[in-house]
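Step one of this worksheet: look at the structure below.
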Amino acid sequence: MRRLLLLVLAATVLEFAAFRYLHRDLFSIDAPAAAQAPVADTRQQAEAALARPYLSRHHAEALVAATDRQGLIDLHVAALARLVRDNPGDVSVMLRYADGLRRQGRLDEAARVFARVAEAP
Amino acid sequence: MDADQQLRYLDRTPVRLARQALAVVALAIFLGYLVYRARFTLNPEAPVFAMVVYLAEVHGFLSLFFYFFQTWALCRRECPAPSGRFTVDVFITTYNEDVPLLRQTARAAMAMRYPHRTYLCDDGRRPAVEALARELGCGYITRNDNRHAKAGNWNNAYAQTSGDLILTLDADHVPQPQFLERTIGYFEDPKVALVQVPQQYHNLDSVQHQVNWDERRMYGEQDVFFDLVMPGKDYWNAAFFCGTGAVLRRTALEAHGGIITGSITEDMHTAIVLHSEGWKSVYVNEILVTGLAPTDVASFLKQRLRWAEGNLKIIFDINPLTCRGLTIPQRIAYFASMFHWTVGVPKLVYYAAPPWMLVSGTFPIAPFDSQLLTIYLANLAAMTLAYKLTSRGRGRLVMDEFFNMLNTFTLLQATWRFLLQGRKVGVFVVTSKKGGGTSTTAVLPHFVMLLASMLAINWSLMGLGFGVTEDRFGAGIAIFWTTYNMALVVAVVRLALRPAQKRDTSRFRACVPATAEWGGVTRVGATSDLSEGGCRLLWPEPITSDGPRHLDLQLPAGPVRVAIDVVATHRRTVDGWYAHGVRFVDPSPATCDAISDAIFDTVVPELLHGLRQPPLLVRLVRDTWRAAHRRLAPRASRRPLRLPARLRVSGAPWWVTTRDLSASGVSLVSPVSLPKGTMVSVALQFASGSRERRAQVIRVRAIQSTGRQGNAWDLGLRFVEGVSVTAGVDDDARMAVAS
């Protein structure tokens with residue numbers, strides 16, 4: 001029985017390690033130390049995170065914040081676009097997306113998004 | 001005579017039609033569900049996964065169709081009396097079974113009524129078996145090799161004998177005395193080639209039994225097959241030879257030189273060939289023989305592997321779908337029997353799908369909306385209801401699922417061998433008749449599955465916890481099914497790891513009065529279980545080293561004295577008795593025979609009779625009626641209680657045992673029948689002493705009417721004195737609890 005419990009414990013630890021490895025992009029973006037991470041690393045993790053078929057609101061927001069901090073404006077806008085796609089009725093997200101587009105210099109697109117915000121009920 | 005004239009529907013016409021209608025409705029709903037699933041809910045994002053799960057559901061539909069087809073019209077037979085013109089040989093095939101076990105079977109076979117000749121067909125070439133045959137006066141047949149295993153052994157005996165009919169018995173299958181009388185008559189129909197009876201088992205502590213002793217209910221894994229499927233096959237003239245407990249006509253086998261060899265399920269193979277040649281089979285659904293079921297999971301799974309592999313591989317030798325001479329219902333019935341053994345594949349899909357959903361986050365069904373849920377629940381309800389109502393109390397879904405879980409990996413192995421090895425014949429492994437040990441290695445796949453399921457749940461919870469996924473609904477459903485499957489796996493593992501059976505012989509729950517002279521006083525106790533090697537003895541006081549060294553077991557045929565060795569003293573029971581583990585010291589063969597006869601003539605029939613559960617509807621109606629009746633005419637509450645008692649009408653008393661007791665009456669098992677209304681004197685032997693009361697016989701029912709040692713009767717007595725005899729029991733119980 002003790003051997004069995006040890007086996008279960010070892011399997012659980014290994015599983016957690018595997019889980020962390022497979023989701024390392026989300027863990028690294030979400031970590032407090034992400035602000036000090038090299039820009040290249042952040043870019044890599046952000047691209048991996050954006051390639052996921054599913055990204056929770058929490059992780060998307062963390063991604064937006066991390067890319068903003070590191071000045072990765074293209075990924076920042078892509079993260080905001082992802083947020084807009086996943087939360088189509090959220091006006092505040094659309095506003096932030098429009099602002100991101102403006103900062104990136106994509107003024108026409110930004111104007112269109114601002115217009116959509118203005119027309120939103 | 002035409003054997004088909006003896007066929008009678010088990011149900012009255014309205015009930016039968018209602019059951020058939022229910023089956024059709026359930027199948028129609030299932031079909032509708034499958035069509036809906038195929039059109040609207042196969043997840044296009046996971047096409048392979050969706051298709052695999054869908055095909056598993058289609059397999060379920062086919063299984064249900066085959067089940068309802070086979071149980072379409074359940075029949076029983078009216079037994080024709082044998083004319084006496086047939087000569088009968090009885091073959092007991094043996095290879096490595098213990099001689100005492102063989103002795104039981106051979107003695108019971110020889111004691112069968114109807115003239116016959118018994119042969120021990122020994123493939124082990126053992127001098128001890130030859131000596132046993134000589135001692136008992138039966139024939140002994142052996143050979144120099146073991147070619148074709150059991151079938152070869154049987155055919156060797158077939159070639160050396162000449163009886164018109166041959167009863168085949170496995171070494172552990174003990175026949176009842178009336179076996180031949182109840183089966184031979186069917187052969188008056190010249191087209192009948194074989195008569196098969198159900199395989200029932202007397203070791204109820206086996207892997208495949210679950211007994212609720214308090215409620216007197218028993219589940220047997222093979223009950224559905226032998227109580228429903230085989231009577232249903234009988235209607236289609238497709239009941240087949242099951243290897244033991246069958247009588248075969250010699251002339252039907254002559255063209256083949258006996259049983260057809262070349263497969264490991266030669267019995268079914270032979271039956272298909274006989275049916276294709278136009279012979280008839282008969283199934284007699286009476287318990288006329290009982291055997292030993294595997295007591296450990298490893299032996300159980302080995303046996304199932306052999307059956308599954310053999311049944312699947314038959315298709316290489318004789319395909320029932322294309323074989324000439326079979327009727328369409330026979331083809332379907334045989335194919336259904338083979339198809340049944342492929343159930344491991346869909347079951348694995350069902351067991352693996354929920355953990356896979358948890359790990360991958362993909363689902364086979366999309367969208368899972370309220371419409372699908374409604375159709376799914378309607379289908380589930382219709383299936384469950386139809387199965388419960390058509391299975392006449394035999395089918396129990398949770399237990400069926402438990403055995404599916406136990407068998408899955410073995411059936412997968414059989415399917416794998418069927419697909420990869422093709423025709424190659426597997427090795428015939430004799431099922432172990434002894435108590436085995438724990439079966440850890442046999443359930444290793446279950447351990448792996450348990451661990452994988454647990455890790456899958458962990459994975460999903462971590463995903464939800466760390467925000468990797470937010471699909472709580474999907475995860476919840478998958479976790480529910482994974483947990484359900486894990487519960488089944490835990491039950492399987494617990495069964496496999498249960499303590500090893502240490503005894504050489506099976507113990508039977510038998511209350512046999514036991515007396516002993518000790519210190520000039522005759523004391524009375526009783527066994528609560530019994531075998532040829534020992535018993536659990538209930539005695540009014542603890543047996544110390546200077547206690548009795550002999551017991552007189554008051555068996556129905558008369559007392560038998562045995563020397564005893566008390567090997568364990570257990571705590572006091574709530575009824576005030578002291579329980580002792582007792583070993584019989586060097587019992588003589590005559591003593592063993594007397595105990596064995598008592599067990600197989602009285603105890604086993606009473607056990608199996610008492611544990612038969614009526615169908616669900618009957619139970620509901622009966623319980624409602626009883627509840628209403630009790631409200632109108634209150635009756636003293638009854639308590640199941642096994643006590644020794646002495647019954648006297650006039651003259652010498654005889655020993656009986658109680659079944660249950662109330663303040664107003666007692667139910668007894670007696671070797672002697674009495675007419676209703678007879679006034680008797682009954683002395684109940686409590687732990688605290690004897691209490692004698694006058695009583696009147698109000699119920700007489702035969703438990704089994706054809707034992708070698710006479711009959712066993714269930715007698716209902718009503719006390720005629722208004723004094724509560726249960727007072728003593730309750731006093732003892734209180735004392736025991738207080739101590």
**Prompt:** Does at least one position in region B:307-317 carry a residue that is in the same structural domain as B:Q6 (by TED's automatic domain parsing), part of a loop (DSSP other than H, G, I, E, B) and over 29 Å from B:T87 (Cβ atoms)?
**Reply:** no
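Could you tell me whether region B:474-490 includes any residue that is within 15 Å of A:S56 (Cβ to Cβ), open to solvent by less than 40 Å² (accessible area, probe 1.4 Å) and in contact with a His (Cβ under 9 Å, 6 or more places away or on another chain)? Before the answer, list the steps.
Going residue by residue through region B:474-490, those that are within 15 Å of A:S56 (Cβ to Cβ) are B:474-475.
Then drop every residue that is not open to solvent by less than 40 Å² (accessible area, probe 1.4 Å), which leaves B:474-475.
Filter once more, keeping what is in contact with a His (Cβ under 9 Å, 6 or more places away or on another chain): none.
Among the residues of region B:474-490, not one is within 15 Å of A:S56 (Cβ to Cβ), open to solvent by less than 40 Å² (accessible area, probe 1.4 Å) and in contact with a His (Cβ under 9 Å, 6 or more places away or on another chain), which makes the answer no.
Does B:G395 satisfy being surrounded by fewer than 17 Cβ atoms within 10 Å (Cβ to Cβ), modelled with pLDDT under 90 and of a type outside the set (S, T, Y)? Give the steps one after another, and end with the answer.
Numbers: surrounded by fewer than 17 Cβ atoms within 10 Å (Cβ to Cβ): no; modelled with pLDDT under 90: yes; of a type outside the set (S, T, Y): yes.
So B:G395 does not fit the description; no.
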**Prompt:** Can you pull out the residues in region B:540-557 that are open to solvent by 20 Å² or more (accessible area, probe 1.4 Å) and more than 11 Å from B:H580 (Cα to Cα)?
**Reply:** B:S545, B:D546, B:R549, B:H550, B:D552, B:Q554, B:P556, B:A557
**Fill in**
Pairs returned, first residue in region B:315-327 that is open to solvent by 60 Å² or more (accessible area, probe 1.4 Å), second residue that is at pLDDT 90 or above, beta-carbon separation under 8 angstrom, 6 or more apart or interchain, are B:D317/B:H269; B:L321/B:R331; B:L321/B:F335; B:R324/B:S276; B:T327/B:W236; B:T327/B:N237
**Message:** For the condition part of a helix (DSSP H, G or I), aliphatic (A, V, I, L, M) and open to solvent by 60 Å² or more (accessible area, probe 1.4 Å), what is the one hit in B:A159, B:A133?
**Reply:** B:A159
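So that you can scan it fast, the table gives a plain yes or no per residue for (1) open to solvent by 50 Å² or more (accessible area, probe 1.4 Å); (2) without any contact (Cβ under 8 Å) to a residue 40 or more places away in the chain; (3) away from every other protein chain (no Cβ under 14 Å):
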| site | (1), (2), (3) |
| --- | --- |
| B:F339 | no, no, yes |
| B:V343 | no, no, yes |
| B:P346 | no, no, yes |
| B:Y350 | yes, no, yes |
| B:L358 | no, no, no |
| B:F368 | yes, no, yes |
| B:L373 | yes, yes, yes |
| B:Y376 | yes, no, yes |
| B:N379 | no, no, yes |
**Prompt:** So B:G220 clears everything in (1) free of Cβ contacts under 8 Å to residues at least 40 places away in the same chain; (2) open to solvent by 10 Å² or more (accessible area, probe 1.4 Å); (3) touching a Phe, Trp or Tyr at 6+ places or on another chain (Cβ under 8 Å) except one condition, right? Which one?
**Reply:** (2)
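If you scan region B:533-578, which residues turn out to be among the β-branched types (V, I, T) and either outside any loop (DSSP other than H, G, I, E, B) or within 18 Å of B:R507 (Cα to Cα) (or both)? Even if it seems obvious, please write down each step before you answer.
The first filter runs over region B:533-578 and keeps only residues among the β-branched types (V, I, T), leaving B:543-544, B:560, B:562, B:564, B:566-567, B:569, B:573-574.
B:V560, B:V562, B:I564, B:V566, B:V567, B:T569 - these are the residues of region B:533-578 that are among the β-branched types (V, I, T) and either outside any loop (DSSP other than H, G, I, E, B) or within 18 Å of B:R507 (Cα to Cα) (or both).
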**Message:** Among the numbered criteria (1) in a loop (DSSP other than H, G, I, E, B); (2) buried (at least 24 other Cβ atoms within 10 Å of the Cβ); (3) more than 23 Å from the chain's Cα centre (by Cα), which one does B:D172 miss?
**Reply:** (3)
**Failed item, numbered, when B:A171 is tested on (1) among the small types (G, A, S); (2) closer than 24 Å to B:T295 by Cα; (3) modelled with pLDDT under 90** = (3)
**Message:** Could you tell me how many of the residues in region B:643-691 are in a loop (DSSP other than H, G, I, E, B), among the small types (G, A, S) and open to solvent by 30 Å² or more (accessible area, probe 1.4 Å)?
**Reply:** 8
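Would you point out which residue out of A:R82, A:R57, A:R24, A:R102 is crowded, with 17+ Cβ neighbours inside 10 Å and either closer than 30 Å to B:L444 by Cβ or of a type outside the set (G, A, S) (or both)?
Numbers: A:R57 fails: crowded, with 17+ Cβ neighbours inside 10 Å; A:R24 fails: crowded, with 17+ Cβ neighbours inside 10 Å; A:R102 fails: crowded, with 17+ Cβ neighbours inside 10 Å.
That would be A:R82, the only listed residue that is crowded, with 17+ Cβ neighbours inside 10 Å and either closer than 30 Å to B:L444 by Cβ or of a type outside the set (G, A, S) (or both).
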**Test: residue in region A:2-17 that is more than 18 Å from B:S360 (Cα to Cα), at the interface with another protein chain (Cβ under 10 Å from one of its Cβ atoms) and touching a residue at least 24 places away in the same chain (Cβ under 8 Å)** = no
**Request:** Quick one: in region B:491-532, of everything that is among the acidic types (D, E) and part of a loop (DSSP other than H, G, I, E, B), which residue is most open to solvent (accessible area, probe 1.4 Å)?
**Result:** B:D504
**Asked** If you check every pair at least six apart or on different chains, which have Cβ atoms under 8 Å apart with a residue in region B:80-101 that is of a type in the set (V, I, T) first and a residue that is open to solvent by 20 Å² or more (accessible area, probe 1.4 Å) and in a helix (DSSP H, G or I) second?
**Response** B:T93/B:K150; B:V99/B:A128
**Message:** Can you say whether B:D189 is touching a Pro at 6+ places or on another chain (Cβ under 9 Å), open to solvent by 10 Å² or more (accessible area, probe 1.4 Å) and assigned by TED's automatic domain parsing to the domain that holds B:S83, as far as the supplied structure shows?
**Reply:** no
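Looking only at region B:223-243, which residues are free of Cβ contacts under 8 Å to residues at least 60 places away in the same chain and touching a Ser or Thr at 6+ places or on another chain (Cβ under 7 Å)? Spell out the reasoning first.
Going residue by residue through region B:223-243, those that are free of Cβ contacts under 8 Å to residues at least 60 places away in the same chain are B:225-226, B:230, B:239, B:241-242.
Passing the criteria: B:A239, B:F241.
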**Among the residues listed as B:V489, B:V512, the single one being more than 30 Å from A:R52 (Cβ to Cβ), within 14 Å of chain A (Cβ to nearest Cβ) and within 25 Å of the chain's Cα centre (by Cα)** = B:V489
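Can we say A:A65 is within 14 Å of another protein chain (Cβ to nearest Cβ) and in a helix (DSSP H, G or I)? Give the steps one after another, and end with the answer.
Details: within 14 Å of another protein chain (Cβ to nearest Cβ): no; in a helix (DSSP H, G or I): yes.
It is false that A:A65 is within 14 Å of another protein chain (Cβ to nearest Cβ) and in a helix (DSSP H, G or I).
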**Request:** Find the residue count for region A:85-94, including only residues that are part of a helix (DSSP H, G or I) and surrounded by 15 or more Cβ atoms within 10 Å (Cβ to Cβ).
**Result:** 2
**Which listed residue is at positive phi and within 13 Å of chain A (Cβ to nearest Cβ), from B:G474, B:G463, B:G467, B:G520** = B:G467
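Tell me, yes or no, whether region B:580-588 has at least one residue that is under 29 Å from B:S667 (Cα atoms), open to solvent by 30 Å² or more (accessible area, probe 1.4 Å) and in a strand (DSSP E or B).
Checked against the condition, which is being under 29 Å from B:S667 (Cα atoms), open to solvent by 30 Å² or more (accessible area, probe 1.4 Å) and in a strand (DSSP E or B), region B:580-588 yields no hits at all.
Restricting to region A:43-54, and then to whatever is open to solvent by 50 Å² or more (accessible area, probe 1.4 Å) and touching a Leu at 6+ places or on another chain (Cβ under 8 Å), can you tell me which residue is farthest from the other protein chains (Cβ to nearest Cβ)?
A:R43
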**Selection count, region A:29-42, where residues are more than 12 Å from every other protein chain (Cβ to nearest Cβ) and open to solvent by 40 Å² or more (accessible area, probe 1.4 Å)** = 8
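The values are calculated or read from the model by the stated rules, or taken from the named source; none is laboratory data. A quick note: this is a predicted structure, and the numbers were derived from the prediction, not measured. Using ideal geometry, Cβ is built from the backbone for each residue, glycine included, and neighbour counts are taken over all protein chains shown. Calculation scope for accessible area: heavy atoms of the full protein, side chains included, ligands and nucleic acids excluded. Shrake-Rupley method; radii C 1.70, N 1.55, O 1.52, S 1.80 Å.
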